[in-house]
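Scroll down for the structure; my scribbles are underneath it.
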Amino acid sequence: MANLLKVTTSRFRWHSLWRKVHLYLALTVGFFFVLLGLTGSVNVFHWELEELSLPALETRESPKAGLPLNAVMANLHQAHPQRQGRWLLFMPGYEREYVWAIYPHPEETRDVFFAPLRVQLDPGSGKLVAEHFWGETLGTLIYSLHASLLTGIIWDRDMGLIGFQTVTFLGLFLLISAAIGLYLWWPRTGTFLKAMRFQRQGRVTRTHFELHRLVGFYGSVILLVLAFTGFSFGYYDYLKPLVAAFSPVEAKHFKDPEGLKSTPVPGTQPITIEQAVAIANQVFPNAELRWLATPEGPEGVYAIEKRQPGEANQRRPRSKVWVEQYSGEVLAVEDPNKFTAGETFFNLMWPLHNGQAFGFPGRLLWCLVGFVPLTLYITGLTLWLRKRRVRRLARHKGMAATVGGLWL
């Protein structure tokens, strides 16, 4: 009996401690959780929402083969003859109907943390339809609010980086808060199924408590995933040694292998963009073209991303080929089917963060979970304010009784 009482007392003390930590996290950074959740919900469908303002395509057929890529580049160079650096092309067919051409570092926004030029082209003809700089549309403002609290648009590159690191570090706080919430919810043995059901009560306060408890429980698993993956984007260098201790990590997401370059040959013209894609098709014949980058200057190389069946990354897959721009030689190949366990772990961070790893149902679910922090914030704050008011009233009554006793 004494041991049972000791265990119960210890459990109560830990429960009380973690409840306070959970409360203080909510009061200090809870609003940012709400902000990131709501903006994240919108960002799940970022590309589709960005295309809502564009005119309807003349044909709805998805030109998976035979995209006029040479015409696309010719039209881009004609419209922007001064932009001779690297262009990034996002293919239609996943989240998009248009070809999206991105010029990463335009002169006009060189001092901004992230403000590329984005051009939309018709996938049937390669003609330009619209263009804008990042930050000029509502969709890009929402995305920047989620990624860096708008610091990259309002201030310079250094402040943008600080904003990005701050947002990703908030993922650690969200991870802790969600884990504590799950611990506080966890029922005693024999009451697990009952704890997973909504307990109908007539009182408003009890209803708020039940909403807070159940929404937190059912959303906690995805919130933990979102929190950790978000943290990993800004603190990859800290996580890599921990993961590498169990499995090697060499492949780098969004980065070209070091030392790749083309050798200009006098009198030799670079191969066309469609020829480069045809060479990549020989490496991954059963994969779908998703993204490519043109060479960066005379010594640059083509980088071509394709998606093999089963890849979790839909938007930016990792079946990648680097091609020499004059000879057409394949300089390097990246195949996610040959990744180590550690490389696969990091490769899953993006598709797990935006839900694309589970297709459209996953994206829709992730969008809905973005409203979980708002629900938890409102119900939790309501419960805390009511409890605070009750304690204040009780304290005033106690003081009144004391004062009255002095006069008796």
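Test ALA312 against the criterion of being surrounded by 15 or more Cβ atoms within 10 Å (Cβ to Cβ), within 28 Å of VAL265 (Cβ to Cβ) and touching a residue at least 24 places away in the same chain (Cβ under 8 Å), and give yes or no. Spelling it out, it is not the case that ALA312 is surrounded by 15 or more Cβ atoms within 10 Å (Cβ to Cβ), within 28 Å of VAL265 (Cβ to Cβ) and touching a residue at least 24 places away in the same chain (Cβ under 8 Å).
Every residue in the stretch 253-291 that is in contact with a helix residue (DSSP H, G or I) (Cβ under 7 Å, 6 or more places away or on another chain) and of a type outside the set (D, E, K, R), please.
Filtering the stretch 253-291 for residues in contact with a helix residue (DSSP H, G or I) (Cβ under 7 Å, 6 or more places away or on another chain) gives 253, 272-274, 277, 289.
Matches in the stretch 253-291: HIS253, THR272, ILE273, VAL277, LEU289.
With the structure loaded, tell me whether LEU117 is touching a His at 6+ places or on another chain (Cβ under 8 Å), under 28 Å from ALA276 (Cα atoms) and not polar (S, T, N, Q) or whether it fails that test. In short, yes. Of all positions in the stretch 185-197, none carries a residue that is at pLDDT below 95, surrounded by 12 or more Cβ atoms within 10 Å (Cβ to Cβ) and of a type in the set (Ser, Thr, Tyr).
Tell me the strands (runs of 3 or more DSSP E) entirely within the stretch 35-147 that contain at least 2 residues that are more than 30 Å from THR168 (Cβ to Cβ). Can you show your working first?
Details: elements: 88-90, 99-103, 117-121, 128-133.
Fully inside the stretch 35-147 and qualifying: 128-133.
Scoring GLY342 on the criteria (1) small (Gly, Ala, Ser); (2) in contact with a helix residue (DSSP H, G or I) (Cβ under 8 Å, 6 or more places away or on another chain); (3) closer than 19 Å to TRP291 by Cβ leaves a single failure, condition (3).
Selection over the stretch 257-290 of residues that are more than 31 Å from the chain's Cα centre (by Cα), assigned to a loop (DSSP other than H, G, I, E, B) and loosely packed, with under 12 Cβ neighbours inside 10 Å gives a count of 5. Considering only the stretch 226-240, I want to know if a residue exists there that is in contact with a Phe, Trp or Tyr (Cβ under 7 Å, 6 or more places away or on another chain), over 20 Å from GLU343 (Cα atoms) and of a type outside the set (D, E, K, R). Taking every residue of the stretch 226-240 in turn, none turns out to be in contact with a Phe, Trp or Tyr (Cβ under 7 Å, 6 or more places away or on another chain), over 20 Å from GLU343 (Cα atoms) and of a type outside the set (D, E, K, R).
For PHE254, the criteria (1) surrounded by fewer than 16 Cβ atoms within 10 Å (Cβ to Cβ); (2) outside any loop (DSSP other than H, G, I, E, B) hold in every case but one, which is (2). From the list ASN43, ASN75, ASN70, the lone residue that is of a type outside the set (Val, Ile, Thr), touching a Ser or Thr at 6+ places or on another chain (Cβ under 6 Å) and either closer than 30 Å to TYR94 by Cα or modelled with pLDDT of 85 or more (or both) is ASN70. Cβ-Cβ contacts under 7 Å between residues 6 or more apart (or on different chains), taken from a first residue in the stretch 151-176 that is closer than 14 Å to THR229 by Cβ to a second residue that is of a type in the set (Val, Ile, Thr), are listed as LEU170/VAL29. Being buried (at least 19 other Cβ atoms within 10 Å of the Cβ), out of contact with any Asp or Glu (no Cβ under 9 Å at 6 or more places or on another chain) and closer than 30 Å to HIS212 by Cα holds for only one residue in LEU364, LEU352, LEU368, and it is LEU352.
The values are calculated or read from the model by the stated rules, or taken from the named source; none is laboratory data. These numbers come from a predicted model, not from an experiment. Using ideal geometry, Cβ is built from the backbone for each residue, glycine included, and neighbour counts are taken over all protein chains shown.
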